[in-house]
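Have a look at the structure below before the remarks.
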Amino acid sequence: MRTLRASEETKALKISIVGAGFMAVLGIVFYWLTRSEAILLDGVFSSIGFLMAMLTLKAAQIVALPDDDHFNYGYAHFAPLINLLKGLLMLVLIIVAAASSIDALFSGGRPLALGIAVVYGAFGSIGCAGFATKMYLASKETGSDLVAVDAKSWMIDTLLTFAVLIAFVFGWFIQDGPLAGWLDYIDPALVLILVILSAPIPIKIFMSNLRDMLGHAPEEWIQEAVERSYLKAVHDIAVKDYRIRLLRLGNTLNVLIHVQPAAEFRVDGLAGLDKVRDKIEAELDKLDAVIVLDVLFVNDMRFAK
């Protein structure tokens, strides 16, 4: 199952690379034709997406590697590291775009070629929406955090491009009317609106993966799901106390459980303890994550500290 998911993850990321490369070229060409900063923002965002998609593909291959002498606990930590970098780059991009737009708004706006811009908005919206949908479905199919963040990146790109289309269509209709004097302000105002709308997504990506990188406990619902699975596995076993520790790295969930057997706890030696562990692992494997499980049996819970 893990091999199949890894194959689907790689396939999805390769599609994202092709899509981001196409949208980057499209955005840069149309910026040259229109001089629209909104289109440039879209093109630069796609260019960063293209570079990050290639890096993400490499990260996906690294994460799948087994532990070795260099990384005794495997390479799972590369997933949140890449996602953290993605979120940071998105934030830097929108901050720069916001600063440029504010400057333009206070200096008379920016002229642009509306007809060509509308064409870009139409083609770009269709393309971004298609790739965003594809990556969203792939993220659900693979359960990959790398693909999920890539899908969110495409969602931002779709929002940017569709908003460009709406604003430029509006500009097309008012260019010969009494509101024509406001045309030069459409582009910087649009970029500023897009920044405000899209900012929460990279902030959430950045903060979530920063938590993982710092070893912060995963969300409460994940903790509760793991505890339910554990309790279901040991419901017929005499256990006095337990402690569960969790560390999430991308789609890998490291689970450490200290188990204090009750006085009536009886097993057939080490083989019996392995059977208990197998029962716990079987329940945890039903969760949508790659589980790395350690179960430690202790007589004194001081050793669980």
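The values are calculated or read from the model by the stated rules, or taken from the named source; none is laboratory data. Please read all numbers here as calculations on a predicted model, not as lab measurements. Neighbour counts run over all protein chains shown; Cβ positions are idealised from the backbone, glycine included.
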Regarding segment 164-176, can at least one residue be identified that is modelled with pLDDT under 80, within 15 Å of D42 (Cβ to Cβ) and among the aromatic types (F, W, Y)? yes
When A189 is run through (1) farther than 28 Å from A289 by Cβ; (2) out of contact with any helix residue (DSSP H, G or I) (no Cβ under 9 Å at 6 or more places or on another chain); (3) modelled with pLDDT of 80 or more, the failure sits at (2)
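Quick test for you: out of G109, G124, pick the one residue that is out of contact with any strand residue (DSSP E or B) (no Cβ under 7 Å at 6 or more places or on another chain), surrounded by 17 or more Cβ atoms within 10 Å (Cβ to Cβ) and not in a helix (DSSP H, G or I). Steps first, please.
Numbers: G124 fails: not in a helix (DSSP H, G or I).
Exactly one residue qualifies, and that residue is G109.
Rundown of residues vs (1) in a strand (DSSP E or B); (2) at pLDDT below 85; (3) aromatic (F, W, Y), yes/no style:
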| site | (1), (2), (3) |
| --- | --- |
| I201 | no, yes, no |
| H216 | no, yes, no |
| D236 | no, no, no |
| R245 | yes, no, no |
| H258 | yes, no, no |
| K275 | no, no, no |
Checked pairs for segment 57-70, first under 18 Å from V292 (Cβ atoms), second loosely packed, with under 15 Cβ neighbours inside 10 Å and of a type in the set (A, V, I, L, M), C-beta under 7 Å and 6 or more apart or across chains, list as none
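Within the group A64, A24, A98, A12, which residue is outside the structural domain of N254 (by TED's automatic domain parsing) and either touching a Phe, Trp or Tyr at 6+ places or on another chain (Cβ under 7 Å) or farther than 27 Å from Y136 by Cβ (or both)? It would help to see each step written out before you state the result.
Working: A64 fails: either touching a Phe, Trp or Tyr at 6+ places or on another chain (Cβ under 7 Å) or farther than 27 Å from Y136 by Cβ (or both); A98 fails: either touching a Phe, Trp or Tyr at 6+ places or on another chain (Cβ under 7 Å) or farther than 27 Å from Y136 by Cβ (or both); A12 fails: either touching a Phe, Trp or Tyr at 6+ places or on another chain (Cβ under 7 Å) or farther than 27 Å from Y136 by Cβ (or both).
One residue alone meets the criteria, A24.
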D288 out of contact with any strand residue (DSSP E or B) (no Cβ under 8 Å at 6 or more places or on another chain) and in contact (Cβ under 8 Å) with a residue 60 or more places away in the chain:
yes
With criteria (1) at pLDDT 80 or above; (2) not in a helix (DSSP H, G or I), D67 comes up short on (1)
Scanning segment 167-217 for residues that are closer than 17 Å to G121 by Cα and surrounded by fewer than 13 Cβ atoms within 10 Å (Cβ to Cβ) gives F173
All-but-one check, S198 against (1) closer than 24 Å to T34 by Cα; (2) free of Cβ contacts under 8 Å to residues at least 40 places away in the same chain; (3) among the small types (G, A, S), failing number (2)
